[in-house]
1. All but one of (1) under 15 Å from Gly18 (Cβ atoms); (2) surrounded by fewer than 24 Cβ atoms within 10 Å (Cβ to Cβ); (3) at pLDDT 85 or above; (4) not hydroxyl-bearing (Ser, Thr, Tyr) hold for Gln93; state the number of the condition that does not hold.
2. Report, by residue number, each residue of segment 1-44 that is in contact with a Gly (Cβ under 8 Å, 6 or more places away or on another chain) and of a type in the set (Lys, Arg).
3. I'd like the residue in segment 184-197 that is aliphatic (A, V, I, L, M) and crowded, with 20+ Cβ neighbours inside 10 Å and, out of all such residues, is nearest to Thr90 (Cα to Cα).
4. Take the conditions in contact with a helix residue (DSSP H, G or I) (Cβ under 9 Å, 6 or more places away or on another chain) and modelled with pLDDT under 85 and apply them to Lys126. Does it pass?
5. Tally time: how many residues in segment 1-30 are modelled with pLDDT of 90 or more and of a type in the set (Gly, Ala, Ser)?
6. Among the residues of segment 229-252, is any surrounded by fewer than 17 Cβ atoms within 10 Å (Cβ to Cβ), small (Gly, Ala, Ser) and assigned to a helix (DSSP H, G or I)?
Amino acid sequence: MKNVKKTIMLLLIAVIWGYAFVAQSEGGVLAGAYTFNGLRMLLGVIFLIPVTLIKDRIAAGNGAVKPSKENTRKLWKAGILCGVALFIATTVQQIGLNMGTESGKAGFLTAIYILIVPIFSIFLHKKPGFNIWIGVVLALIGLYMLCISGGFSLRLSDILIIICAFCFSVQILLVDHYSPHVDGIKLAMIEFLVTGVISLIPIVIFEIAPVGFGAWISGLLRKELIAPFLFAGVFSCGVAYTLQIEAQRDYNATIASLIMSLEAVFASTFGAIFLQQYMTRRELIGAGIMFAAIIIAQLPIGVKKEV
């Protein structure tokens, strides 16, 4: 039952991130890659501050012990490492989208992390069951059918999205390692804070300096940016990444990455609903293969073993 709850949480994350492609495509072009990425992370921090305060007050009322200095150091170490990985992943992804990689292709290339995560896991002395590898292969086939039509070629923007997939793999494995040992909401808040603060440097250099602070602020006040910023900051960051940390606690990282890769399926679905970009028969078959991959990966056929 516990795993069912976590699986539902991961599916919700995929839904949110699927729609986030729409918000990122719109907001990133209007505000600039670094500005949009950095400010949405800081908005996620603002969203989580009252959540953290309420949680701490409830815990104190229940007689919870104050975290030790060692636990606090571990929390900040985890937050900084996850934040750096998230900064590189989300920034490179946003730049790739701004440079012209189509959203469908970006969804496929980003979701390559479903193959990278189990490969990286081997070096962390974890051996995924063979059913997970079957699921990975099927998921890649499904993602290709879902997201790629015609010839497959790579541009610089596509290569950036692939780099982003490697960074997301590192972030997923870091969350997998630290989430059982630290407070999930505080980890998410520090992760967003680190990402947002690091983003301030390229924001000033590349997006404020060329136009001036006044023009930069005026650009942010456009009403077209309100909805993308709110969704990307509150839901994609504040809600989804926090749910990721909680859901991955004691949950197989490879299976988690497979479920979250369904964001590509939902991205195509939302594209049809909001942008009238309807799914073809090929895309529908690809989506079906994706769902089959998730089911196969969670069957108790293979067992994760220490090597």
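The values are calculated or read from the model by the stated rules, or taken from the named source; none is laboratory data. This one's a predicted model, so the numbers in the text were calculated from it and none came from an experiment. For neighbour counting, all protein chains shown are included, and Cβ atoms are generated from backbone atoms with ideal geometry for every residue, glycine included.
1. Unmet for Gln93, out of (1) under 15 Å from Gly18 (Cβ atoms); (2) surrounded by fewer than 24 Cβ atoms within 10 Å (Cβ to Cβ); (3) at pLDDT 85 or above; (4) not hydroxyl-bearing (Ser, Thr, Tyr): (2).
2. Scanning segment 1-44 gives a single hit, Arg40.
3. First, the residues of segment 184-197 that are aliphatic (A, V, I, L, M): 185, 187-190, 193-194, 197.
Still in the running and crowded, with 20+ Cβ neighbours inside 10 Å: 187-190, 194.
Values: Leu187: 17, Ala188: 15, Met189: 16, Ile190: 16, Val194: 13 Å.
In this case the residue turns out to be Val194.
4. Numbers: in contact with a helix residue (DSSP H, G or I) (Cβ under 9 Å, 6 or more places away or on another chain): yes; modelled with pLDDT under 85: yes.
So Lys126 passes the test.
5. Qualifying residue count for the region: 1.
6. No; the residues of segment 229-252 include none that is surrounded by fewer than 17 Cβ atoms within 10 Å (Cβ to Cβ), small (Gly, Ala, Ser) and assigned to a helix (DSSP H, G or I).
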